[in-house]
Structure formats: structure tokens, C-alpha cells
Amino acid sequence: METLELTQEEQFQARIDADIRIEPKDWMPDAYRKTLIRQISQHAHSELVGMLPEGNWITRAPSLKRKSILLAKVQDEAGHGLYLYSAAETLGASRDQMLADLHSGKAKYSSIFNYPTLSWADMGCVGWLVDGAAILNQVPLCRTSYGPYARAMVRVCKEESFHQRQGFEIMQTLCEGAPVQKEMAQEALNRWWWPTLMMFGPKDADSPNTAQSMNWRIKRFTNDELRQKFVDMMVPQAEFLGLTVPDPAVKWNADKNGYDFGDVDWEEFWNVVKGNGLCNQERLGARVKAHEEGAWVREAALAHAAKRKQRASEV
Amino acid sequence: MQVAPPTTHTPETQTQLFRYVLQLADTSLILAHRLSEWCGHGPILEQDLALANIALDFLGEARSYYQYAAELEGQGRTEDDLAYLRSAVEYRNPLLVEQPNGDFAATIVRQFIYDTFHYHLLQQLQAGPDTQLAAIAEKSVKEAAYHLKWSSEWIIRLGDGTEESRRRVEQAIASLWRYAGELTTPNATEKELQAAGLVPDYAAMLPQMEAHVARVFEEATLPVPQGVFMQKGGKDGRHTEHLGYLLTELQYMQRTYPGLTW
Amino acid sequence: MNQSEWPLWEVFIRSKQGLDHKHVGSLHAADAEMAIQNARDVYTRRLEGVSIWVVESSHVHASNPDDAAAFYEPANDKIYRHPTFYQVPDSIKHM
């Protein structure tokens with residue numbers, strides 16, 4: 001029998017194919033490490049920036065109960081950002097560097113957060129639609145090939161399930177309320193529907209990284225597969241609420257056992273990605289401001305810790 | 001939460017107690033609201049979470065007080081009616097908690113002053129004769145102990161950190177210390193309830209509070225402010241200009257769409 | 001800029017009395033006391049813990065994956081360490 005020496009890369013791929021998780025100190029191809037750092041940090045940045053559009057409404061929530069729920073939810077997003085930065089740090093990336101890349105515009109975050117939140121119904125839509133789309137993206141990531149990322153995602157998904165429910169509950173309350181509330185719900189759905197479909201990324205044909213990511217089992221479904229799943233899930237829920245999805249092309253297709261739906265405005269998609277969304281500047285500006293204004297606080301804590309250490313060593 | 005039956009009071013005491021519980025509710029809500037403004041803007045992610053946790057504690061405490069106040073009043077008002085449909089002159093929170101967040105040092109100083117009072121107050125209230133108030137206090141005092149630890153440690157870090165942090169924390173103390181006195185200066189309602197034994201004697205709490213401040217400030221290498229002229233009025237509805245703006249935002253939905261359920 | 005980054009800490013949480021502390025992730029903190037408090041705020045928001053350990057990440061020493069064969073495979077053929085290796089007559093109880 002002829003024994004074949006497998007290259008490191010082949011051994012690595014064999015482990016991936018056997019669904020054996022990759023752990024921080026294991027050998028991995030540079031490109032795998034880079035792809036993961038890019039994806040995990042983008043994901044973390046999205047959680048961080050994602051706090052802003054909802055954070056917007058914490059001070060204006062219409063009841064004390066809603067205020068508590070919303071604050072707890074936005075706080076969860078901070079937590080999720082933290083779990084993810086922590087996962088990326090196991091790959092040798094520093095949080096400071098990742099934040100610097102976010103602040104300089106080099107690193108991206110989910111474009112959905114560059115849309116404004118204009119009414120209370122937006123809190124419903126963000127929870128119901130945006131978090132719904134996020135969950136579809138995230139659940140497969142619980143089985144992603146890199147161990148720390150998969151474990152972070154298990155924690156995120158566990159916590160995320162209340163987010164979508166509270167969003168749906170807000171929508172339901174509005175739809176069962178006064179006419180002005182139902183109008184508010186429909187108006188918000190009209191604005192959020194298309195941007196949410198964009199969350200799944202470009203069409204498979206225009207997504208050059210998908211094949212490699214699928215091969216490495218970082219990604220487990222293509223963009224178009226997830227988008228279809230989302231529409232199939234959401235159209236009946238909108239019907240339940242008595243709302244109309246703002247796409248005249250939505251129609252049940254028995255042959256494919258799913259809905260047909262219209263095409264996303266890809267020009268808008270690429271423009272928002274490039275930084276031309278309504279809120280790109282504000283969102284990034286808010287993050288940079290928080291980081292810069294926090295610098296003296298972080299320095300003070302370090303300086304104090306150093307003084308204490310010094311004193312302890314003198315005793 | 002209530003194992004012991006609710007305490008019964010005379011109608012006069014009940015009215016005073018309603019006012020006092022409302023004052024506690026307003027105080028917790030306004031402080032929670034201010035802290036929640038930090039969400040997404042904290043100096044580091046870990047502290048963003050800490051600030052939100054503290055805000056959630058105060059929000060929970062506020063809701064318990066509002067619910068109890070509504071019960072004491074017996075007019076069928078809900079926690080939301082009390083929070084969202086009263087104007088600034090009807091709000092009874094002390095001036096301290098409505099002060100804007102400012103920089104992190106101002107938030108910490110405001111928090112430290114209130115936590116010092118809050119923790120010692122709840123310690124007394126949990127042993128007080130009103131079973132419902134005692135039950136709320138018993139739950140909240142654990143949270144307050146953690147808040148006090150958090151804000152005390154930050155005072156120490158900022159005071160004994162860098163030159164800049166020291167300058168900022170000194171500035172915050174200079175602008176906020178004048179609101180500390182109101183916390184332990186009883187208004188008419190508190191005086192009556194103190195006489196009835198329902199509200200603790202603030203004067204008796206002071207030595208412990210002062211000892212805590214002295215210990216923390218010493219470690220922070222900060223001088224304890226002396227001879228500051230103390231402002232007051234919030235507990236009687238005379239506020240600083242900041243509260244009006246805060247309530248405009250807080251009450252926006254309920255005022256714009258009256259009478260709806262959300 | 002890197003001078004102002006707080007050190008990284010690994011967090012271990014005991015989810016209930018009687019169980020081991022388990023690694024849950026990491027976070028940044030200026031000192032140990034703050035690391036414990038941050039861990040409480042970050043990792044126990046849903047009653048996940050009753051006790052917290054933190055260790056500065058730079059103090060964790062880990063085995064090298066390249067040594068995996070030398071480290072762990074020798075245990076493979078020592079099945080006599082496991083109770084199921086031994087046959088006990090059916091009539092013998094409590095063993």
C-alpha cells in the first residue's frame with residue numbers, strides 16, 4: 001500500500017470535511033485565519049453599531065415595560081459584540097486594532113444599521129425582521145468550523161431568540177391597536193422589508209467568497225438560499241399580522257414550494273455598502289466619538305492599576 | 001414577594017406614603033433614564049454593559065415603587081400613568097438625578113453620591129414597618145450594594161488615575177456636590193413619615209454615609225468637599241431646567257398618542 | 001494607542017454549586033477586581049453563574065497541538081484502566 005504524505009493544508013481540509021472543529025492553536029491556512037478575522041470582526045462591529053438605531057428609542061419607549069425590554073435587548077447586543085471580539089482575539093487580532101479598522105472605514109458592518117429608526121414601529125420591525133434575518137444567518141454559524149466562533153454563536157443564538165419574539169410582539173400589539181398604530185406598523189414594514197432582504201448579501205453569482213467559505217464550512221448556506229428561506233418564513237407572518245409586504249411580485253410558487261419575489265435594488269445595496277446610506281456617517285461618527293471620549297477613562301483605569309501594582313510590590 | 005400581609009395605614013399616612021413612594025419611584029426612573037442614555041456610547045464595551053445593568057436595576061426598582069404608589073393611591077392609575085402623564089412640577093425626584101450625564105466622571109460622581117445614599121436608605125427601609133416597602137428594599141439593597149461598589153471603585157480609579165482623570169473628577173465634584181444635601185434633608189412629607197417611623201431618620205444615617213465617602217475619597221486621594229452651599233427643591237417639584245427636556249423625550253409617545261396600548 | 005488597551009482576561013464560571021468552573025470566553029479589564037465585575041456584567045446576565053474565576057490571558061499556558069499524538073494517544077491502548085475491561089459474574093452485586 002502506498003502511503004501518501006498529506007500536506008498541512010490537506011490535513012486541515014480533511015479535518016474540516018470530517019466536521020472536526022478547528023481550535024485556536026491548531027495550524028490553519030493564513031487565508032482561513034484572515035477570512036475568519038474579517039468575518040467575525042465584521043459581525044462584532046455589526047452588533048456594536050447595531051446598538052445605535054435601537055438605542056435611539058430607549059429614552060422614548062412608550063411604557064416602562066417596553067423601556068426595560070428594549071434596554072435589556074440593546075445591552076445584549078453589546079454582549080454579543082463582546083463575545084465575538086473575544087472569539088476574534090483567539091485568532092491573534094487585538095480588539096483595539098479591530099476597532100481602529102472599524103473607525104477608519106476599512107472594516108465593514110451590516111448595512112442594515114445605516115437605515116434610520118423613525119417610529120416606535122421600527123423597534124418592532126428591527127426585532128421581527130432584522131433579528132429574524134440575523135437568526136437565519138446565525139443559526140448555521142453555531143456549527144461553523146472554528147470552535148471559538150461556533151461557541152460564541154451558540155451563546156448569541158440562545159439570547160437572540162427573545163429579541164425576535166419581542167419585536168413580533170410589538171408588531172402584533174400595534175396591529176391589534178388603533179388605526180394609527182396599524183398604519184405605523186405598515187409604514188415601518190414598507191421601509192424595512194427591502195433593506196432586510198439585502199442583509200443576506202449579494203446574489204450568489206456576485207458573491208466571490210462564498211465558494212471558499214462553504215468549502216471551509218465557515219458558511220453553510222448561500223446568500224440566495226437564506227434569502228429564499230427568509231421570504232418563505234416572513235410572508236405568512238406578515239399575513240398573520242394583517243400587513244402587506246411591499247413587493248407586488250410576492251406570490252406562492254407551488255413548483256418550488258416557496259414564494260417568488262421581486263429583485264432587490266442592488267444599486268442601493270452597493271451604495272449603502274460604500275458608505276452612501278442615510279446614516280453611515282452618523283453611525284460611525286457616534287462610535288468614533290464614544291471611543292475617543294472614552295480614551296481618558298481607559299487610560300485612567302490602567303494608570304491606577306499600575307500604581308496599585310507598584311504599591312503592592314513596595315510593601 | 002409579599003409573605004407578610006400589606007400594612008394598613010390611616011388615610012392621612014396613606015396619602016403621605018403615596019407621595020413618598022412616588023418620590024422614590026421618580027428618583028429611580030430619572031436616574032435609570034439618564035444611565036440608559038449611555039447605552040451604545042460607553043467608554044469601553046464592558047462598561048457599556050455595566051451601565052446598562054445598573055440602569056435596568058433602577059428601572060425595575062422604579063416600576064415596583066410606581067406599582068405600589070398606584071396601589072396606595074387607589075384611583076386606578078397604572079405605573080405608566082404615573083410615569084408618563086405627570087408634568088415636571090409634579091415630579092418629585094431630587095435635583096441630583098436629573099443632572100445630565102456630562103462626561104464619564106460626571107456620571108460616576110452623580111452615581112457615587114446617589115449610591116451612597118441609596119444603599120444606606122434601603123438598608124433601613126428593608127427593616128421598616130411597611131411590609132411592601134420593606135420587600136422592595138430587600139430586593140433592591142443587593143443591587144444597590146453592587147452599584148456602590150462599582151461607583152466607589154471608579155471614583156478611586158479616576159481620582160488616583162491620570163492627571164486628566166483627576167482634573168475631570170474634581171470638576172464633576174465641584175459641579176455636582178451641591179446636589180448631595182437634598183438627599184438627606186427631609187421635606188414635609190418625609191418629616192411626617194419620619195415621625196410615624198415609616199421613613200428612616202436621615203440624620204442617623206449620615207455618620208455611616210460620611211464614613212464611606214471619607215474612605216473612598218481618601219483612597220482616591222481627593223479632598224472631601226467642605227462648606228458647599230446645598231441646592232434643593234426637586235423633592236417638592238422645583239427642578240433644574242434639565243428635567244423638562246428629559247420628560248419631553250420620556251413621555252413623547254404617550255403624549256403624542258394619548259390613551260393607546262403599546 | 002495600544003498602551004491604552006486593557007489586558008485580556010479569560011473567564012471561568014461555575015454555573016451551579018457542585019459543578020466545575022467552565023471557560024466561557026474572555027474580556028478586557030484594567031485589574032482583577034474589575035475583570036470579575038465585568039465578567040458578572042457580561043457573562044451572568046441570565047443567571048448563568050454562582051462563582052467566577054478570571055485569569056489574565058497572558059498567564060495561561062497551553063499544550064501544543066503538535067504534541068497531541070505524543071500526549072494523548074498513549075492512553076488509547078490502556079483499556080484495562082476502564083472498569084468495563086473486567087468480567088464480573090452476574091451473581092456478584094455491588095461492584
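Within segment B:110-129, residues that are under 20 Å from B:Thr8 (Cα atoms) reach partners that are part of a helix (DSSP H, G or I) and β-branched (Val, Ile, Thr) with beta carbons closer than 6 Å, at six or more positions or on different chains, in the pairs B:Gln126/B:Val141. Among the residues of segment A:26-40, are any free of Cβ contacts under 8 Å to residues at least 40 places away in the same chain, touching a helix residue (DSSP H, G or I) at 6+ places or on another chain (Cβ under 9 Å), surrounded by fewer than 20 Cβ atoms within 10 Å (Cβ to Cβ) and in a helix (DSSP H, G or I)? Looking through segment A:26-40, none of the residues is free of Cβ contacts under 8 Å to residues at least 40 places away in the same chain, touching a helix residue (DSSP H, G or I) at 6+ places or on another chain (Cβ under 9 Å), surrounded by fewer than 20 Cβ atoms within 10 Å (Cβ to Cβ) and in a helix (DSSP H, G or I). Just a yes or no: is a residue in segment A:277-294 surrounded by 13 or more Cβ atoms within 10 Å (Cβ to Cβ), within 14 Å of chain B (Cβ to nearest Cβ) and either touching a Pro at 6+ places or on another chain (Cβ under 6 Å) or not in a helix (DSSP H, G or I) (or both)? Yes, the conditions are met somewhere in segment A:277-294. Just to be sure, is A:Glu299 without any contact (Cβ under 8 Å) to a residue 40 or more places away in the chain and either in contact with a His (Cβ under 9 Å, 6 or more places away or on another chain) or crowded, with 16+ Cβ neighbours inside 10 Å (or both)? Criteria met by A:Glu299.
Quickly run through segment C:48-72 and pick out the residues that are assigned to a loop (DSSP other than H, G, I, E, B) and more than 15 Å from the chain's Cα centre (by Cα). Across segment C:48-72, the qualifying residues are C:Glu48, C:Val50, C:Asn64. The criterion of at least 3 residues that are farther than 30 Å from C:Val11 by Cα is met, among helices (runs of 4 or more DSSP H) falling completely within segment A:87-204, by A:121-125, A:147-175, A:179-198.
Against the condition surrounded by fewer than 16 Cβ atoms within 10 Å (Cβ to Cβ) and within 12 Å of chain A (Cβ to nearest Cβ), how does C:His61 come out, does it pass?
On the way: surrounded by fewer than 16 Cβ atoms within 10 Å (Cβ to Cβ): yes; within 12 Å of chain A (Cβ to nearest Cβ): yes.
Yes; evaluated as a whole, the condition is true for this residue.
The set of residues from segment A:10-24 being of a type outside the set (Asp, Glu), away from chain C (no Cβ under 11 Å) and in a loop (DSSP other than H, G, I, E, B) comprises A:Ala18, A:Ile20, A:Arg21.
Got at least one residue in segment C:73-93 being hydroxyl-bearing (Ser, Thr, Tyr), modelled with pLDDT under 90 and in a helix (DSSP H, G or I)? Yes, that holds for at least one residue.
Going through (1) of a type in the set (A, V, I, L, M, F, W, C); (2) buried (at least 22 other Cβ atoms within 10 Å of the Cβ); (3) more than 14 Å from chain B (Cβ to nearest Cβ) one by one, A:Ala107 falls short only on (2). Taking the conditions (1) touching a residue at least 40 places away in the same chain (Cβ under 8 Å); (2) within 18 Å of the chain's Cα centre (by Cα) in turn, A:Leu82 satisfies each one other than (1).
If only residues of segment B:167-201 that are touching a Ser or Thr at 6+ places or on another chain (Cβ under 8 Å) and over 15 Å from B:Lys235 (Cα atoms) are counted, the one that is surrounded by the fewest Cβ atoms within 10 Å (Cβ to Cβ) is B:Ala196.
Scan segment B:14-27 and give yes if some residue there is surrounded by fewer than 24 Cβ atoms within 10 Å (Cβ to Cβ), assigned to a loop (DSSP other than H, G, I, E, B) and polar (S, T, N, Q), otherwise no. Checked segment B:14-27: no residue is surrounded by fewer than 24 Cβ atoms within 10 Å (Cβ to Cβ), assigned to a loop (DSSP other than H, G, I, E, B) and polar (S, T, N, Q).
Check segment A:250-267 and report whether any residue there is more than 14 Å from chain B (Cβ to nearest Cβ) and assigned to a helix (DSSP H, G or I). Break it down stepwise before answering.
From segment A:250-267, those more than 14 Å from chain B (Cβ to nearest Cβ) are A:250-267; that's our starting set.
If we keep only those that are assigned to a helix (DSSP H, G or I) as well, we get A:266-267.
Yes - at least one qualifying residue is present in segment A:250-267.
Only residues that are open to solvent by 70 Å² or more (accessible area, probe 1.4 Å) and assigned to a loop (DSSP other than H, G, I, E, B) were counted across segment B:231-243, and they come to 3.
Could you list, in sequence order, all residues of segment A:145-168 that are open to solvent by 10 Å² or more (accessible area, probe 1.4 Å), of a type in the set (Phe, Trp, Tyr) and within 15 Å of A:Ala87 (Cβ to Cβ)? Matches in segment A:145-168: none. Against the test of being touching a residue at least 40 places away in the same chain (Cβ under 8 Å), out of contact with any strand residue (DSSP E or B) (no Cβ under 9 Å at 6 or more places or on another chain) and β-branched (Val, Ile, Thr), the options A:Ile218, A:Ile170 yield a single qualifying residue, A:Ile170.
When segment B:39-59 is filtered for residues that are touching a Ser or Thr at 6+ places or on another chain (Cβ under 7 Å) and more than 7 Å from chain A (Cβ to nearest Cβ), only B:Phe58 remains. Please enumerate the residues belonging to segment C:24-47 that are facing chain A (nearest Cβ under 9 Å), out of contact with any strand residue (DSSP E or B) (no Cβ under 8 Å at 6 or more places or on another chain) and outside any helix (DSSP H, G or I). C:Ala30, C:Asp31, C:Arg45, C:Arg46, listed by residue number. Taken over segment A:25-84, residues that are within 11 Å of chain B (Cβ to nearest Cβ), in contact with a strand residue (DSSP E or B) (Cβ under 7 Å, 6 or more places away or on another chain) and among the aliphatic types (A, V, I, L, M) amount to 1.
Do the conditions hold for B:Arg92, that is, is it surrounded by fewer than 19 Cβ atoms within 10 Å (Cβ to Cβ) and more than 21 Å from B:Val224 (Cα to Cα)? If you could, list the steps in order and put the result at the bottom.
Values: surrounded by fewer than 19 Cβ atoms within 10 Å (Cβ to Cβ): no; more than 21 Å from B:Val224 (Cα to Cα): yes.
So B:Arg92 does not fit the description; no.
Can you find a residue that is polar (S, T, N, Q), open to solvent by less than 10 Å² (accessible area, probe 1.4 Å) and modelled with pLDDT of 95 or more anywhere in segment B:119-129? Reasoning before the result, please.
Going through segment B:119-129, the residues polar (S, T, N, Q) turn out to be B:123-124, B:126.
So of that shortlist, the ones also open to solvent by less than 10 Å² (accessible area, probe 1.4 Å) come out as none.
No, every residue in segment B:119-129 fails to be polar (S, T, N, Q), open to solvent by less than 10 Å² (accessible area, probe 1.4 Å) and modelled with pLDDT of 95 or more.
So, of the residues in segment C:1-23 that are within 8 Å of another protein chain (Cβ to nearest Cβ) and closer than 24 Å to B:Leu51 by Cβ, which turns out to be surrounded by the most Cβ atoms within 10 Å (Cβ to Cβ)? Steps first, answer last, please.
Within segment C:1-23, the subset within 8 Å of another protein chain (Cβ to nearest Cβ) is C:1-6, C:8.
Remaining after also requiring closer than 24 Å to B:Leu51 by Cβ: C:1, C:4-6, C:8.
On the way: C:Met1: 9, C:Ser4: 17, C:Glu5: 16, C:Trp6: 22, C:Leu8: 20.
Here the answer is C:Trp6.
Okay, residues lined up against (1) under 23 Å from A:Ala72 (Cβ atoms); (2) touching a helix residue (DSSP H, G or I) at 6+ places or on another chain (Cβ under 8 Å); (3) within 14 Å of chain A (Cβ to nearest Cβ):
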site	(1), (2), (3)
B:Gln75	no, no, no
B:Ala83	yes, yes, yes
B:Phe112	no, yes, no
B:Leu133	no, yes, no
B:Ile136	yes, yes, no
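Results for (1) more than 23 Å from B:Ala144 (Cβ to Cβ); (2) open to solvent by 10 Å² or more (accessible area, probe 1.4 Å), shown as yes or no for each residue.
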{"residue": "B:Pro11", "(1), (2)": "yes, yes"}
{"residue": "B:Ile30", "(1), (2)": "no, no"}
{"residue": "B:Arg34", "(1), (2)": "no, yes"}
{"residue": "B:Ala83", "(1), (2)": "no, no"}
{"residue": "B:Asp103", "(1), (2)": "yes, yes"}
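A single member of C:Lys22, C:Lys16 is of a type in the set (Lys, Arg) and farther than 23 Å from A:Gly147 by Cα, and it is C:Lys16.
Considering segment A:95-104, and only residues there that are without any contact (Cβ under 8 Å) to a residue 24 or more places away in the chain and either in contact with a helix residue (DSSP H, G or I) (Cβ under 7 Å, 6 or more places away or on another chain) or on the phi > 0 side of the Ramachandran plot (or both), the residue that is surrounded by the most Cβ atoms within 10 Å (Cβ to Cβ) turns out to be A:Arg95.
The values are calculated or read from the model by the stated rules, or taken from the named source; none is laboratory data. From a predicted model like this one, the values you see are computed outputs, not experimental measurements. Quick reminder, even Gly has a Cβ in these numbers, built from the backbone with ideal geometry, and neighbours come from all protein chains shown. Side chains included, ligands, DNA and RNA excluded: accessible areas come from the protein's heavy atoms. Shrake-Rupley method; radii C 1.70, N 1.55, O 1.52, S 1.80 Å.
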